[in-house]
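Have a look at the structure below, then the notes.
The values are calculated or read from the model by the stated rules, or taken from the named source; none is laboratory data. Please read all numbers here as calculations on a predicted model, not as lab measurements. Note that we place each Cβ from the backbone using ideal geometry, even for glycine, and neighbour counts take in every protein chain shown. The protein model used for the area step is the full one, side chains on, heavy atoms only, and it has no ligands, DNA or RNA in it. Shrake-Rupley method; radii C 1.70, N 1.55, O 1.52, S 1.80 Å.
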Amino acid sequence: MFNKRTKIKALLNGELTGQQVTIMGWVRTFRNNQFIALNDGSTINNLQIVVELGLLDEAGLRRITTGAALKVTGELVPSLGKGQKVEVRASAIEILGDSDSEKYPLQPKKHSLEFLREIAHLRFRTSTFSAVFRIRHSLAFAIHHFFNEKGFVYLHTPIITSSDAEGAGEMFQVTTLPLDKLPVKDGGAIDFSQDFFGKSTNLTVSGQLEGELAATALGDVYTFGPTFRAENSNTTRHLAEFWMIEPEMAFYDLEDNMDLAEAFIQYLIRYVMEHNAEDLAFLDNRLKEEEKSLPQAQRSELGLLEKLQFVVDNSFERITYTEAIDVLQQSPAYKKKKFKYEVKWGIDLQSEHERYLVEKHYKKPVIVTDYPKDIKAFYMRQNDDGKTVAAMDILAPGIGEIVGGSQREERFDKLETRMQEMRVPVKEMQWYLDTRRFGSVPHAGFGLGFERMVLFVTGMSNIRDVIPFARTPKNCEF
């Protein structure tokens, strides 16, 4: 019975005008005991249901409240009112689920994003979040489409791992040992040989290292899965659990890597602009309304749709890290001491530096290459100058770094020496070094933070608002 419904998105183009239809959805508003705005999640737009006089008794009308779930049968007819092409003249209305209007927290008014985070289990029902999560879906679909068209193999890398790909140590421990009575060795260290896996294990921070193993046989692979960082950060750009897309490509150098990453980002944006035009238009208007209360200096120079079109139409600026430092040191912001963090060769660029390069200086996405080796991971290919590595970060307007990648170090002796220098456990990583022992090739890859991509495309300002259920320090609801 329920599968015979027609989704509202399919009705709004008017092609079924004059036909009897059945729709099911949730009440957004009910006006004058006659007009229901119904939404089923298939589109940002509501469908107007016209309740003829006498169709429902007084008790039935009182049950049509904001949030109630309805099944409506009737004729799809041209609308006489403004704002919609068609409406349904109801011949039968069944209330599938009541909603207590006095207790339902989502009333027909504007709610703050902070409030909606507290009721994240219900925020999907708002126009803003339904748009965000339809766009998130489209981006996920487009990712697989892009790589499939290019002949990549989709690889599932482990969520539980015994290695730290980033070497940062900010990992979540996985154990079945009793926390109130941990087994210890004679020296007092925890005896992980008694744990489930017989060794210390963690939730993964990256699927890159495993991706490299597959790339040395399959050529081009990509992962798309959850990753975890136990970083005690409460910024608007950080999550403890998030999703990453990580392609790894054999026979790629740094230039190839940059070309692929740029084409990838532009493809994803084009896909959403084509398939989610109404959602983007809604979010574009929302952002404009939100920024009206801000001082002119804090408003975006481009609207959301203008920004996305600009990124699609223009090549990304490509500069070296050394050039980036020079630009920053010559900037009015540096000379007027506007930067909170110092600017000198060797620093890890902070968000304020990245955003200055993108938003103030170049005014387009920027790819920064050839970072100092001392601030980058052990697996990045060392350049001939002995000081830098063949790394690349893509910086985007509004959020800073959106992609991090590099050409990987394919030379066995260089990699092993670098691992020893950075105290990466060489003995435990022999499986990784084997790819350099047996048929090593130049190869490269990058990681794209999925939530940061969704953040960029939707124009939302907090990363907690583009993932269904945010995991952050001291917060693990639902």
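Across region 293-330, what is the total count of residues that are small (Gly, Ala, Ser) and under 24 Å from the mean Cα position of the chain (by Cα)?
Number of matching residues: 3.
Between 203, 209, 213, the distinction of being out of contact with any Phe, Trp or Tyr (no Cβ under 7 Å at 6 or more places or on another chain), in contact (Cβ under 8 Å) with a residue 24 or more places away in the chain, hydrophobic (A, V, I, L, M, F, W, C) and under 24 Å from residue 406 (Cα atoms) belongs to 213 only. Restricting region 278-327 to residues that are of a type in the set (Gly, Ala, Ser) and within 30 Å of residue 388 (Cα to Cα), the residue that is least open to solvent (accessible area, probe 1.4 Å) is 324. Is it the case that some residue within region 194-210 is under 30 Å from residue 113 (Cβ atoms) and in a strand (DSSP E or B)? Yes: one or more hits. Here residue 207 passes the criteria (1) touching a Leu at 6+ places or on another chain (Cβ under 7 Å); (2) open to solvent by less than 30 Å² (accessible area, probe 1.4 Å) except the one numbered (1). Note on region 347-445: enclosed helices (runs of 4 or more DSSP H) holding 1 or more residues that are out of contact with any Gly (no Cβ under 7 Å at 6 or more places or on another chain) and open to solvent by 60 Å² or more (accessible area, probe 1.4 Å) are 412-421, 430-437. When restricted to residues that are without any contact (Cβ under 8 Å) to a residue 60 or more places away in the chain and within 13 Å of residue 73 (Cα to Cα), region 21-35 contains 2.
Return the residues of region 453-478 that are closer than 26 Å to residue 309 by Cβ and either of a type in the set (A, V, I, L, M, F, W, C) or buried (at least 24 other Cβ atoms within 10 Å of the Cβ) (or both); say none if nothing qualifies.
Keep residues of region 453-478 that are closer than 26 Å to residue 309 by Cβ, which gives 453-463, 465-467.
Listed by number, the residues that qualify are 453, 454, 455, 456, 457, 458, 460, 463, 466, 467.
Condition (residue is within 31 Å of the chain's Cα centre (by Cα) and more than 22 Å from residue 109 (Cβ to Cβ)) applied to region 16-23: is it met by at least one residue? For region 16-23, residues within 31 Å of the chain's Cα centre (by Cα) and more than 22 Å from residue 109 (Cβ to Cβ): absent. Here residue 128 meets each of (1) polar (S, T, N, Q); (2) within 30 Å of residue 37 (Cβ to Cβ); (3) at pLDDT below 95 with one exception, condition (3). If you go through region 15-27 and keep only what is closer than 18 Å to residue 61 by Cβ and open to solvent by 50 Å² or more (accessible area, probe 1.4 Å), you end up with just 26.
Region 212-324 holds strands (runs of 3 or more DSSP E) entirely within its bounds, and those carrying 3 or more residues that are among the acidic types (Asp, Glu) map to 241-250.
Conditions tested, residue by residue: (1) touching a helix residue (DSSP H, G or I) at 6+ places or on another chain (Cβ under 9 Å); (2) of a type outside the set (Val, Ile, Thr); (3) farther than 25 Å from residue 100 by Cα.
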site: 10; (1), (2), (3): no, yes, yes
site: 14; (1), (2), (3): no, yes, yes
site: 19; (1), (2), (3): no, yes, yes
site: 22; (1), (2), (3): yes, no, no
site: 34; (1), (2), (3): no, yes, no
site: 50; (1), (2), (3): no, no, no
site: 59; (1), (2), (3): no, yes, no
site: 63; (1), (2), (3): no, yes, no
site: 85; (1), (2), (3): no, yes, yes
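Keeping to region 38-61, report how many residues are in a strand (DSSP E or B) and either open to solvent by less than 20 Å² (accessible area, probe 1.4 Å) or free of Cβ contacts under 8 Å to residues at least 12 places away in the same chain (or both). Please lay out each step first, then the result.
So in region 38-61, the residues in a strand (DSSP E or B) come out as 38-39, 47-50.
Cutting the leftovers down to either open to solvent by less than 20 Å² (accessible area, probe 1.4 Å) or free of Cβ contacts under 8 Å to residues at least 12 places away in the same chain (or both) gives us 38-39, 47, 49-50.
Number of matching residues: 5.
Do the conditions hold for residue 337, that is, is it in a loop (DSSP other than H, G, I, E, B), on the phi > 0 side of the Ramachandran plot and surrounded by fewer than 15 Cβ atoms within 10 Å (Cβ to Cβ)?
Numbers: in a loop (DSSP other than H, G, I, E, B): yes; on the phi > 0 side of the Ramachandran plot: yes; surrounded by fewer than 15 Cβ atoms within 10 Å (Cβ to Cβ): yes.
It is true that residue 337 is in a loop (DSSP other than H, G, I, E, B), on the phi > 0 side of the Ramachandran plot and surrounded by fewer than 15 Cβ atoms within 10 Å (Cβ to Cβ).
Of all the residues in region 446-478, those that are among the charged types (D, E, K, R), in a loop (DSSP other than H, G, I, E, B) and touching a residue at least 40 places away in the same chain (Cβ under 8 Å) number 2.
Within region 1-14, residues that are crowded, with 16+ Cβ neighbours inside 10 Å have Cβ atoms under 8 Å from residues that are at pLDDT below 90 in these pairs: 12/84, counting only partners at least 6 apart in sequence or on another chain. Hey, does region 132-143 have a residue that's surrounded by 13 or more Cβ atoms within 10 Å (Cβ to Cβ), at pLDDT 95 or above, on the phi < 0 side of the Ramachandran plot and assigned to a strand (DSSP E or B)? Looking through region 132-143, none of the residues is surrounded by 13 or more Cβ atoms within 10 Å (Cβ to Cβ), at pLDDT 95 or above, on the phi < 0 side of the Ramachandran plot and assigned to a strand (DSSP E or B). Would it be correct to say that residue 300 is on the phi < 0 side of the Ramachandran plot, touching a Lys or Arg at 6+ places or on another chain (Cβ under 9 Å), modelled with pLDDT of 95 or more and of a type in the set (Ser, Thr, Tyr)? So residue 300 does not fit the description; no.
Within region 106-121, track down each residue that is without any contact (Cβ under 8 Å) to a residue 24 or more places away in the chain and open to solvent by 30 Å² or more (accessible area, probe 1.4 Å). 109, 110, 111, 112, 114, 115, 118 - these are the residues of region 106-121 that are without any contact (Cβ under 8 Å) to a residue 24 or more places away in the chain and open to solvent by 30 Å² or more (accessible area, probe 1.4 Å).
Of all residues in region 275-327, exactly one satisfies the criterion of being touching a strand residue (DSSP E or B) at 6+ places or on another chain (Cβ under 6 Å) and small (Gly, Ala, Ser), namely 324. If you check 103, 82 for being open to solvent by 50 Å² or more (accessible area, probe 1.4 Å) and within 24 Å of residue 278 (Cβ to Cβ), only one passes: 82.
For region 248-277, the set of residues classified as open to solvent by 50 Å² or more (accessible area, probe 1.4 Å) and over 30 Å from residue 439 (Cβ atoms) consists of 270, 274, 275, 277, listed by residue number.
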